Amino acid sequence: MNKIKSTCIYRYIRVILAMAMKDIKSSLTERAFLLTSIIIPINFLLLFLLFALTGGQAPTALVVEDKGPFAQQFISAMEHSNSFIIHQTTSSDAQKLLQLGQIVAIVTIPANFDMALKHGSQIELPVIINNLDVDFTNDIRRAVPLAITSFYANAFPNQVAVKAYEIDTYTHDTDYVHYLVVSLMVVSIMLGGLLQAGSNAAREYEKGTIKELLLSPANPLAIQIGKIVGSMILNSFSVALMIVVIVFLIGVWPQHWDELFVFTLLLMITFVTAGLIIGTLVRRRQAVVPLSIGLSIPIFFLSGAFGPAIWGDPVTATVTQFQPVYYGIAVFQHAFHGFTTTPTGLIVDGLILVVFAVVMVAASSIVIVNVRKRGVAAK
C-alpha cells in the first residue's frame, strides 16, 4: 500500500516538474514574449518613478535682491522646506524660464528685505505663479507661507507665541519616492505574474498542445501546479531585477528581508495563478498583454500606492480592501520601512494574502478541471 502511494506521489511530482520544464523551455525559445513579461513590469516601475521624481517638488526661480543675513536665512528656510527645486537667478532670466514653462513660480526677495525686518516694518514678498497646473499651484501657495513661518520662527524666536511640538510615529522620515517605489514593486509583481502565466496558458491553445494535456492520463492538478511553478520561476527574473533596481540603484533597503521574500512568494503565487486563469479563458497571448495592463493600472491607483488607502475617500478605501494589492502594498511597506498602513496590521494582512493565494489556486483548479471535462466530452 505504501509502495503504491509512493509511486503515485512520484508520478505526481514528475508531472509537475515536466510541466514546469516544458513552459520554461517554450518561453526561452520564444524570447519576444519572455522579454515582454520581464520588460513591461520594469518599465511600469521606471515610468511611474519618473513621474514621482518630476512631480514631487515645484521648480521655482528665486531672485535675491538683498544679500543680508535675514535674506540668507529665508533662502535656507525655502531650501529646507522639501517643497521647492530652487534656481537662483536674475529677474530677467526668471521671466524667461517662466515663459518657457521650465519653472512654476518666481519668488523675489526685495532689496529692502533686511532693512524692513530690522525696523519691524511690514514687507511684501512678490510671488509670481504659473497656475496652469493646479497641483503645483497649490503646492506653491502652501509652501511659501510655511517657509515664511519657518523663517520667522528661527529669525525672531521670542516673537513667535505659538510653536508646533512634533511627535513622530516613526523614528525616521521616508522620502516620497522611497514610499512610492515599494508600492510600484507590488503592482509590477502583479503585472509580471499575469503576463508570464497568462502567456504560457494561452500558448497551449494557440499551438494546440492543450488537447494533448486534456486527454493525457496526467492528474490535472499536477498539470496546474507545474504551470504555476514554471511561470513563477520565469517571473522570478523580473522580480529579481526589480529588487536590484530598488535596493541597489534607488537605495531603498528592506528592514526585514525575511518578510520581503515570504510576501513576494505569496504575491507571485496569487498573481501567477490569476494569470493562468486569464490565459485559459482568453486563449490568445495578444489579448493577455492589454488585459493584464488594463487590470493593473486601475488597481494600482485604488490600492494606496501614493499613501495609505484608508486616508482617502471612504468608498474607495472600502472597495480596495477586496483585492490583494492593497494588502501587498501594506506588507511590503512594513518589510521595507517598518510602516503599518492598514488598521488590520501585518499578521492579519499576511493571513489575508494567504487566503487570496488559496482562493486563486482553487479557482484555477476549477477552471482547468472544467476545461478538461469539456475537452473529453467534445472528443
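The values are calculated or read from the model by the stated rules, or taken from the named source; none is laboratory data. Treat the numbers as computed from the prediction; the structure is a model and nothing was measured. Note that we place each Cβ from the backbone using ideal geometry, even for glycine, and neighbour counts take in every protein chain shown.
Can you tell which of A153, A147, A164 is touching a residue at least 12 places away in the same chain (Cβ under 8 Å) and either in contact with a helix residue (DSSP H, G or I) (Cβ under 6 Å, 6 or more places away or on another chain) or closer than 30 Å to H337 by Cβ (or both)?
A147
D139 - would you say it is of a type in the set (D, E) and either within 30 Å of V186 (Cβ to Cβ) or part of a helix (DSSP H, G or I) (or both)?
Answer is yes for this residue.
Within segment 221-228, is even one residue under 21 Å from F332 (Cα atoms) and charged (D, E, K, R)?
No.
How many residues does segment 344-358 contain that are farther than 14 Å from L265 by Cα and of a type in the set (G, A, S)?
1
Since G304 meets every condition but one in (1) at negative phi; (2) modelled with pLDDT under 90; (3) surrounded by 16 or more Cβ atoms within 10 Å (Cβ to Cβ), which condition does it not meet?
It fails just one condition, (1).
Applying the selection to segment 234-250, what residues are over 14 Å from the mean Cα position of the chain (by Cα) and in contact (Cβ under 8 Å) with a residue 60 or more places away in the chain?
L234, N235, F237, S238, L241
Which of the following residues is assigned to a loop (DSSP other than H, G, I, E, B), outside the structural domain of V325 (by TED's automatic domain parsing), more than 28 Å from the chain's Cα centre (by Cα) and surrounded by fewer than 21 Cβ atoms within 10 Å (Cβ to Cβ): Y152, Y165?
Y165
Could you check how many residues of segment 213-228 are within 11 Å of Y12 (Cβ to Cβ), crowded, with 18+ Cβ neighbours inside 10 Å and not small (G, A, S)?
Going through segment 213-228 one residue at a time, the tally reaches 2.
Filter segment 123-138 down to the residues that are farther than 23 Å from P110 by Cβ and charged (D, E, K, R), then identify the one that is surrounded by the fewest Cβ atoms within 10 Å (Cβ to Cβ).
D135
Are any of the residues in segment 107-120 closer than 30 Å to F301 by Cβ and modelled with pLDDT under 85?
Scanning segment 107-120, I find no residue that is closer than 30 Å to F301 by Cβ and modelled with pLDDT under 85, so the answer is no.
For the list (1) within 22 Å of Q72 (Cα to Cα); (2) not in a helix (DSSP H, G or I), I need the number of the one condition that L117 fails.
Going through (1) within 22 Å of Q72 (Cα to Cα); (2) not in a helix (DSSP H, G or I) one by one, L117 breaks only (2).
Here are some conditions: (1) surrounded by fewer than 16 Cβ atoms within 10 Å (Cβ to Cβ); (2) in contact (Cβ under 8 Å) with a residue 12 or more places away in the chain; (3) over 16 Å from A335 (Cβ atoms). W253 meets all but one. Which one does it not meet?
With (1) surrounded by fewer than 16 Cβ atoms within 10 Å (Cβ to Cβ); (2) in contact (Cβ under 8 Å) with a residue 12 or more places away in the chain; (3) over 16 Å from A335 (Cβ atoms) applied to W253, the lone miss is (3).
Of the conditions (1) crowded, with 19+ Cβ neighbours inside 10 Å; (2) modelled with pLDDT of 90 or more; (3) not β-branched (V, I, T), F261 satisfies every one except a single condition; which number is it?
(1)
Can you confirm whether V134 is under 18 Å from E79 (Cβ atoms) and in the same structural domain as F84 (by TED's automatic domain parsing)?
Judged against the criteria, V134 is not a match.
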